[in-house]
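What follows is one structure encoded as structure tokens, with my remarks underneath.
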Amino acid sequence: MEKLQKRAVLWITGAFKTAPSLGVKAIAGLIPIQLYLQKLSGRSELRVHALPDNHILQSLIVNNSNSITNLHPFSLSLLTGRQCGLIKSHLANMNNWFNEVFPSFDPINPEFKLGNRIINCFSNHFLFHLFSKSSNCLFKSQIQQLNNIAIESSNTSLTALVVTDTSVKNNVASSIVHIHVYNNLIVKMLHYTINVTSTEAEFFAIRCDINQASHYQNISKIIIVTNSIHATKKIFNPSSHLLQKQAALILNDLRNFFDCHYKNTIEFWECPSKSK
């Protein structure tokens, strides 16, 4: 099929046979055939979620809404984890997609109600510190400032220093979280997730950060050092977006933390991964 696509793009563009395949495909506005097939396959696997609950495909996959009486004798729910891991089929892919589909929008959540938003009620309780690469001197100055903050936070039991990093490689998102209080590592988490974006993984990591740090005893200040400051800013965005439901959960944790004491604050510091 790749050869057929190559012939088609050569006919469209009028390029020579020796022209690079990816280059002429880009000029013709066509994606590689294997990626297009993956796109069609993914769409067909997602269509099962639009089927009624009594459809036979719904009884074959692991669906929490299905009762035990509706399970098919060959349902994936009746297999062990090892058996499910050995299955490589279209049905298994459907099942994986089913466990990854969840509602993302929550526009009527009280956290986004005008006048009740965090940015209206607690505007002086959170700060963003952006990292600048405009000059080498400024870069070193900001690194030194982060070092000073780390030293200061290690000398008090009232500050939680949180360092989080997220990366995506081969469709696998890795999130690592370290939470330090009084120069002691109290929480270390490492999460692997498939079929998510780096922003989604960063949202999950930040939610874990705030939830863990805010519930630690006598903490009045949380400092989060992250390599994805744009994801943290999205938390406070009241408009509809794909991560709105997750943002509402994070905002609820922040509201509870700020309500505990009027001096409770949180700061977000941007730091590139290489600088950490």
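Six or more apart or on different chains, Cβ atoms under 8 Å: show the pairs whose first residue is in the range 17-28 and under 16 Å from LEU4 (Cβ atoms) and whose second is of a type in the set (Asp, Glu) and part of a helix (DSSP H, G or I). From the range 17-28, the pairs are SER21/GLU2. Tell me the residue from ALA173, ALA201, ALA213 that is at pLDDT below 90 and not in a strand (DSSP E or B), please. The unique qualifying residue is ALA201. Checking each residue in the range 128-154 for being at pLDDT 85 or above and touching a Phe, Trp or Tyr at 6+ places or on another chain (Cβ under 8 Å) picks out PHE128, HIS129, LEU146, ILE149, SER154. Take the conditions (1) modelled with pLDDT of 85 or more; (2) over 28 Å from ILE143 (Cβ atoms); (3) not charged (D, E, K, R); ASN195 misses just one of them, which is (1).
Of the residues making up the range 99-112, at least one is in contact with a Pro (Cβ under 9 Å, 6 or more places away or on another chain), in a helix (DSSP H, G or I) and modelled with pLDDT of 85 or more. If we scan the range 204-224, do we find a residue that is of a type in the set (Asp, Glu), within 12 Å of the chain's Cα centre (by Cα) and under 20 Å from GLU270 (Cα atoms)? No: the range 204-224 contains no residue that is of a type in the set (Asp, Glu), within 12 Å of the chain's Cα centre (by Cα) and under 20 Å from GLU270 (Cα atoms). Reported count of residues in the range 217-264, each being over 21 Å from VAL163 (Cβ atoms) and either of a type in the set (S, T, N, Q) or outside the structural domain of THR166 (by TED's automatic domain parsing) (or both), is 6.
Considering the conditions (1) in contact with a helix residue (DSSP H, G or I) (Cβ under 6 Å, 6 or more places away or on another chain); (2) surrounded by fewer than 18 Cβ atoms within 10 Å (Cβ to Cβ); (3) within 21 Å of ILE149 (Cα to Cα), TYR216 is excluded by exactly one of them, (1). When residues in the range 235-247 are screened for being surrounded by fewer than 19 Cβ atoms within 10 Å (Cβ to Cβ) and either part of a helix (DSSP H, G or I) or in contact with a Lys or Arg (Cβ under 7 Å, 6 or more places away or on another chain) (or both), 3 of them pass.
The values are calculated or read from the model by the stated rules, or taken from the named source; none is laboratory data. Owing to the predicted nature of the structure, the values given are computational and were not obtained by experimental measurement. We place every Cβ from the backbone using ideal geometry, glycine too, and count neighbours over all the protein chains shown.
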